[in-house]
1. Just how large is the dipole of region 14-57 about the Cα centre, in debye to the nearest 20, putting +1 at every Lys and Arg Cβ and -1 at every Asp and Glu Cβ?
2. Where only protein heavy atoms count, and the probe is 1.4 Å, what is the accessible area per residue for the chain in Å²?
3. What does the extension gain come out to for SER93 and LYS60, with contour length at 0.36 nm per residue minus their alpha carbon separation?
4. Cross-link list LYS123/LYS169; LYS123/LYS161; LYS24/LYS94: which exceed 23 angstrom alpha carbon to alpha carbon?
5. Name the aspartates and glutamates eligible as straight-distance cross-link partners of LYS175: C-alpha to C-alpha under 17 Å, and not fewer than 8 places from it in the same chain.
6. Among the lysines, select those whose C-alpha is under 23 Å from the C-alpha of LYS26, and discard any that sit fewer than 8 residues away in the same chain.
7. Could you tell me which of LEU181, VAL108, PRO68 has its Cα farthest along the dipole of the chain towards the positive end, charges placed at Cβ (Lys, Arg +1; Asp, Glu -1), taken about the Cα centre?
8. On a full-extension model of 0.36 nm per residue, what is the gain between VAL100 and ASP155, subtracting their alpha-carbon distance, rounded to one decimal in nm?
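The values are calculated or read from the model by the stated rules, or taken from the named source; none is laboratory data. Predicted, not measured: the structure shown is a model, and the values here were computed from it. Positions of Cβ are backbone-derived with ideal geometry, glycine not excepted, and every protein chain shown enters the neighbour counts. The area values use the complete protein model at the heavy-atom level, side chains included, leaving out ligands, DNA and RNA. Shrake-Rupley method; radii C 1.70, N 1.55, O 1.52, S 1.80 Å.
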Amino acid sequence: DSLHDEKIEMAIIAEGIPATTSIKNKNDYRVREIPLRDAATYSEDIENGYYEENVVIDEKVYFAYYVPVKEDGKVIAMAFAGKLQNEANAAMSKLTQSFVWLSVVLLVIFMAVDLVFCKSLSKTFAFVENNIDELSKGSLLPGEEKNSIVREMDDLLLSTKVMQENLAKTIGKVKEISGQLSGDIEEVTDLSDFSVIRARKITASMSKLSEATEVMDQNVQSIRSQMTDIENCINDISESVEHL
């Protein structure tokens, strides 16, 4: 009778009848009949124990389990444990209701947590979107740092920050190289201007040289003409001398 508080009935069935039991009939006498499977037909069940859903005892229906009691490897009796179906069903119904209420409470809690979580994710997405938008506009200034409770989002925030820093370094180097290139171009421009001036001077000198050459050619032609005249005069003198 030790499990009455748990609404569980016990019995020891030997030779097909209860040798002892906690189940009492309407007259408050312990019952003398508890159904048991035939040992010849269900020898394996008798050896290993079995479960029954509809065991009728004194016009009451039980959920029952039978376990063999052995001595020297031989089954000498069966231990019976049973619970009234209506009590078990009431307990299961109560348990089901408890699970339903617990599920409702957990669902509400989950929805609240999910709402907070989604808001946090939404803010993080908005922060990342704003940073990327600033990058698209050319802003490379370090923005406000933000952490997320989601590891992947935290990685995304870190990646965005690293990308911003790398872009800032890259553009800084590009600006530095552009400055150097601009200086080199100015120097080349100055040299080109100087070369143009020199070339113009050379062109002018060549023009003067050409003019001088033309004058010299004219002078040479005049000298040749004069030499021809002198030669003619010498010939005339020579003839006159010979004549004289």
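1. 400
2. About 78 Å² of surface per residue is accessible.
3. Using 0.36 nm per residue and subtracting the Cα-Cα distance, I get 9.9 nm.
4. Pairs exceeding the cut-off: LYS123/LYS169; LYS24/LYS94.
5. By straight Cα distance, LYS175 reaches GLU165, ASP184, GLU186.
6. Here the lysines satisfying the reach criterion relative to LYS26 are LYS7, LYS60, LYS83.
7. PRO68
8. Extra length available between VAL100 and ASP155 comes to 15.9 nm.
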